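Enquirer: Take this structure, written in C-alpha cells, and hold onto it; I'll ask about it next.
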2 protein chains.
Amino acid sequence: MTTGDWSAPETEVLDAIVSGITNQQAVLATVVAVEGSAYRRPGAKMVIADDTGIGAVTAGCLEDEVLALTEQVLADGAHIERFDLTGTNDVWGLGVGCNGVVDILLEPLTVEYRPVAHAHEVAEDIAVLTVLDGERSDVEQGDHAFAHPTGAADYRGLSFETPTTDWPDELISTLTKPTAEMLAADASDSITVNWEGKTAEIFVDSIHAPPELVVFGSGHDVVPVVELAKQVGFSVTVVTFRGAADNKRFSAADRVITTSPAELHESLAFDTNTYAVVMSHNFVDDRLTLEELLATPVEYVGMVGSRERFREMQDAFAAEGHRFSASERDRIYTPAGLDLGGGTPFHIAQSIVTEITAIHHGRDPQHLTDQTGPIHARSTVTQSVDDD
Amino acid sequence: MTTGDWSAPETEVLDAIVSGITNQQAVLATVVAVEGSAYRRPGAKMVIADDTGIGAVTAGCLEDEVLALTEQVLADGAHIERFDLTGTNDVWGLGVGCNGVVDILLEPLTVEYRPVAHAHEVAEDIAVLTVLDGERSDVEQGDHAFAHPTGAADYRGLSFETPTTDWPDELISTLTKPTAEMLAADASDSITVNWEGKTAEIFVDSIHAPPELVVFGSGHDVVPVVELAKQVGFSVTVVTFRGAADNKRFSAADRVITTSPAELHESLAFDTNTYAVVMSHNFVDDRLTLEELLATPVEYVGMVGSRERFREMQDAFAAEGHRFSASERDRIYTPAGLDLGGGTPFHIAQSIVTEITAIHHGRDPQHLTDQTGPIHARSTVTQSVDDD
C-alpha cells in the first residue's frame, strides 16, 4: 500500500467504510488488542477494497499480510488473527521494527455496518460492539451491536441496534454503562461481560464523529489551514461571503459554502464538536461572524489578526452595547494559534491547526518530554513503539 | 498565481532565486516596509519567472499587480513600488481585505545575487543590504552589498562583498554592527546610516539558512514527518540504515542517505541549525544513532517512542558506562513532540514537527491568546492582518 493510503486521516477511513459497504467485496481490519507497545491502539482500522488498504493498523509491519488475507476473509467470514511479532529479528528486516502481539479482527464489510455509515453521514458518535469470544454464552464471535447516543451529550442515553443477531436484553442492559463510559472517553477496548451465568468478551469500539472545522475566509491563506486540518482528521467547511471566492482554490475542503454572516445559521449547524476560524480579513464580516458564532455552542472561535485589531473589534461591540462575558471571552482565541514562531503561510496555518488539535483532545500543548507518567494512560497519543 | 506557489516554503523561494539568476528574465520582489498591520513582514519575497510567482508578499492582495510589473522592471531596472491600500473598499473586493501601505522593492534578478544563491547552496546565513534612498550620499538606490558571517556564530565577524558598485569603507564600517545585530535576530528592516556627512536609507535583509531536519527511519511513518517539515521550511534529509528502504517513498525529502550509525559523520554535518528525529523503530540502531548525535553540536534529538523504551535505552547506555550528563539529557526530547493528542500518523508527525518549529524559533508553545503584548515586538509571527 502507498504511504498516502496508510496515513489516511480518520475521515477517509470512515469514507472507505461507507463505500466499502456498497462495494460488497471489502474487508474491515480493526486492532482489538495489543500487548507490549504498539504504534496504533485498539480501534485503529484499515479498510481493504480493490486490493488497496486505507488506514493503518501498525507502523507498516502487518498491512501487507492483512491485505493478503482478504480473499480468505470474504470466503470464510469474520475471525481474529493474532500476529505474534515478539521473535521478529529485524536486523535485515523491513526497516520498521515490529514487535509485540497484535490481535486484528478481520471481517467482510457488509450491510450490517450501515449504522456506522449513517452515523458518519450525519456526524454522530456511535459505538460498535463486537463479540470476540462468546463460547460461554448465546452470542457468537463476530456478532455486532451498535450503540447510538440518544440526545444527552454525556452518553447517558444509549439506543442499541442489533441488525442481524438478537442479543439478550440482560446483556444489552449490562453493556449500557461501560459502553457509555467508553464513548465518553473516546476509548476502544475489549471488556468481559457477565450476565445470567454467561460470560463473553466484547470489543467496544468508540467511533466519534470527526471534529468539524469551519473556516471563514476566501483568501490564499485559507488553503494551508484547510490542508493541514484535513490531514489531522477534521471535516472542513470553508465559508466565503459575497460569492467572491475562487472556490476551486478550496478543493481540499469537504464543503465550500457561500453565504452572508446573517444567514450563517441557515446553512450550518454548530455544536461543541465544531471549531471556527475567522479569517475573512474584512473587519465588518469578521465582527458579524463573531457575533453569530457566540450565539452558538461552539467552544473555539479563532480570530486571526493582531491584538490591536481585536481591541478595535471589542470597541465596535461595546458601541452596540455588547460587552463580552467571561464565558464568551473564554471561547475567543485571538490571536488564533500556538506560539510556534515563523511568518510564512504554512507557519500561520500550523500555529492555528495545532491549537485546535490540542483543544479538541483536551491537551495542554507542552513538550511531552517535560511530562511524567505513561502517555497512554493519559491519552490516545500513540508514540510508543514496537521495539526489538 | 496558484495557492501552492503563493504558500511556497522559504526553501522553495530560495531555490527560485537560484534558478532565477540563470533564467535572466526573473524579477525579485521584496517587502521593504509596511505601515499598519500586514500579513507579511519586511523581507518577505516573491520570485517571478515565466509569468509565475513563487512566494507571498501579501495575503494575496498585490501578487497579481506585482506580476504585471515584471516587463517594466526587466526593462527599467530596480525601483520601489508603493502600494497604498488604505482607501480600498473591500465590500465587493477580492475577498481578502488589503489595507495599509506596502513598499515593495522590485528588481531584475541578476548575477549580482550570486552570493545569496551560494549561501543557500552551502547552507550559510547572509545579509543582503540594498540602498533604498541614496540621494544624499554616493551610493544609489538599488545598489547591493552582501554580508557573510565569518566563523563566529554570534555574527561578530562579517565580510562584506559589493559585486557591482563600490561602497565607501566608512559606510561599510558603520553598517557592520547593525547588520550583525539584525542577522543575530533574523530580522529584516531598513535603517538610516550616516557617515562623513552623508546619509542613506538601507534595507538590511537577513536571510538565514533554512533549518535542517534529519529523520532517521525508513517506515511509512517517516513520510508525514517529511511532508509537514517541508511545508514549514525545513530542509529535510532522511537517513535509512542497511539499504532496506523504498527510497521512492521519501520523494518529498531533499535528500535520502543510506548509511550506518557508525558512518553517519561521513555523510552528514550536524550543527546547531540541525534537528534530528530518531524513528528507525530498531532499538540498536536508535541507540547507536543517539550516541553519534550526542557527539555533535545538534541541540534537538527527538526520540520517537515510549518513556519505558527510553528507560531501557538509558540502561543500555549505563551498561556501557555512559550516563547522560544534564546537558546531554537537555538535548534529548522523548517522547518527541508536543502534547496535542490524537493517534494517527499525521497526528504524531504534527506533534513532532510543531515541537521542532517552536524550538527553532525559541518559543514556548503556549496559546497566543494567553500572552500579552504585541506579537511582532516579540517575534516574526505575522498574524496581524490588513483590515478595513
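Enquirer: Looking at region B:1-68, what helices (runs of 4 or more DSSP H) fall wholly within it and have at least 2 residues that are touching a residue at least 24 places away in the same chain (Cβ under 8 Å) and charged (D, E, K, R)? Steps first, please.
Expert: Working: elements: B:3-6, B:10-23, B:63-68.
Correct list: B:10-23, B:63-68.
Enquirer: Within region B:80-127, can you find the residues that are surrounded by fewer than 19 Cβ atoms within 10 Å (Cβ to Cβ), polar (S, T, N, Q) and at pLDDT below 90?
Expert: Residues satisfying the conditions are B:Thr86, B:Thr88, B:Asn89.
Enquirer: Take the residues in region B:317-334 that are of a type outside the set (Lys, Arg), in contact (Cβ under 8 Å) with a residue 24 or more places away in the chain and within 11 Å of chain A (Cβ to nearest Cβ), then tell me which one is farthest from A:Leu338 (Cα to Cα).
Expert: Among residues in region B:317-334 that are of a type outside the set (Lys, Arg), in contact (Cβ under 8 Å) with a residue 24 or more places away in the chain and within 11 Å of chain A (Cβ to nearest Cβ), the one farthest from A:Leu338 (Cα to Cα) is B:Ile332.
Enquirer: Here is a list: B:Gly373, B:Gly337, B:Gly342. Which entry is on the phi > 0 side of the Ramachandran plot, at pLDDT below 95 and at the interface with chain A (Cβ under 7 Å from one of its Cβ atoms)? Can you show your working first?
Expert: On the way: B:Gly373 fails: at the interface with chain A (Cβ under 7 Å from one of its Cβ atoms); B:Gly337 fails: at pLDDT below 95.
It is B:Gly342.
Enquirer: Here's another thing I want to ask about it. State all residues of region A:309-335 that are among the basic types (Lys, Arg) and assigned to a loop (DSSP other than H, G, I, E, B); if no residue qualifies, say none. Please lay out each step first, then the result.
Expert: Looking only at region A:309-335, we keep the residues that are among the basic types (Lys, Arg), and these are A:309, A:311, A:323, A:329, A:331.
Listed by number, the list holds a single entry, A:Arg323.
Enquirer: Separate question: Among the residues in region A:159-171, are any part of a loop (DSSP other than H, G, I, E, B), outside the structural domain of A:Glu124 (by TED's automatic domain parsing) and of a type in the set (Ser, Thr, Tyr)?
Expert: Here is the first cut: in region A:159-171, the residues part of a loop (DSSP other than H, G, I, E, B) are A:162-168.
Filter once more, keeping what is outside the structural domain of A:Glu124 (by TED's automatic domain parsing): none.
Within region A:159-171 (the criterion being part of a loop (DSSP other than H, G, I, E, B), outside the structural domain of A:Glu124 (by TED's automatic domain parsing) and of a type in the set (Ser, Thr, Tyr)), the answer is no, since none of the residues qualifies.
Enquirer: Quick check on B:Ser7: is it under 19 Å from A:Ile348 (Cα atoms) and either more than 19 Å from the chain's Cα centre (by Cα) or small (Gly, Ala, Ser) (or both)? Give the derivation first.
Expert: Working: under 19 Å from A:Ile348 (Cα atoms): yes; either more than 19 Å from the chain's Cα centre (by Cα) or small (Gly, Ala, Ser) (or both): yes.
Here the answer is yes, as B:Ser7 does meet what is asked.
Enquirer: Evaluate region A:280-291: report whether one residue or more is at pLDDT below 95 and closer than 30 Å to A:Ala8 by Cα.
Expert: yes
Enquirer: While we're on this one: Looking at A:Val47, A:Val18, A:Val27, A:Val13, which is the one that is within 17 Å of A:Asp103 (Cβ to Cβ) and either of a type outside the set (S, T, N, Q) or modelled with pLDDT under 90 (or both)? So that I can check it myself, show each step before the final result.
Expert: Numbers: A:Val47 fails: within 17 Å of A:Asp103 (Cβ to Cβ); A:Val18 fails: within 17 Å of A:Asp103 (Cβ to Cβ); A:Val13 fails: within 17 Å of A:Asp103 (Cβ to Cβ).
Being within 17 Å of A:Asp103 (Cβ to Cβ) and either of a type outside the set (S, T, N, Q) or modelled with pLDDT under 90 (or both) holds for just one of A:Val47, A:Val18, A:Val27, A:Val13, which is A:Val27.
The values are calculated or read from the model by the stated rules, or taken from the named source; none is laboratory data. Please read these numbers as outputs of a predicted model, since none were measured by experiment. No Cβ is skipped: glycine too gets one built from the backbone with ideal geometry, and neighbour counts run over all protein chains shown.
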